[in-house]
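Take a look at the structure set out below.
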Amino acid sequence: MEQKLRTLDQLEVGETARVHSLELHGAIRRRLQDIGLICGTQVQCVLENPSGSPKAYRIRGAVLALRTQDAKGVLIQ
């Protein structure tokens, strides 16, 4: 059964998903790829700012904060 795609910003604290694709362009796309955010990478949301942005994600053992506008460009399943 195929899972519905969502964007990374929709991941709730404690929830884990895998990256499906990046719908970003330019420097931010390159930056996220450089930190290992590529197709198949497991990502876990570990912390959410009370205002909602940014959220902190565990990516390949490192915890990184991403703004909502950037996380919306990462498709997950």
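Observations
- Which of Val19, Cys45, Thr68, positive extreme of dipole for segment 6-76 (C-beta unit charges): Val19
- From the C-alpha gyration tensor of segment 6-76, square roots of 5λ in Å: 17, 13, 11
- Placing dummy labels 7 Å off each Cα toward the beta-carbon, the span from Cys39 to Arg18 is 1.2 nm.
No lab work stands behind these numbers, since they all come straight from the coordinates. Note that this is a predicted model, so its numbers are computed, not measured. We place every Cβ from the backbone using ideal geometry, glycine too, and count neighbours over all the protein chains shown.
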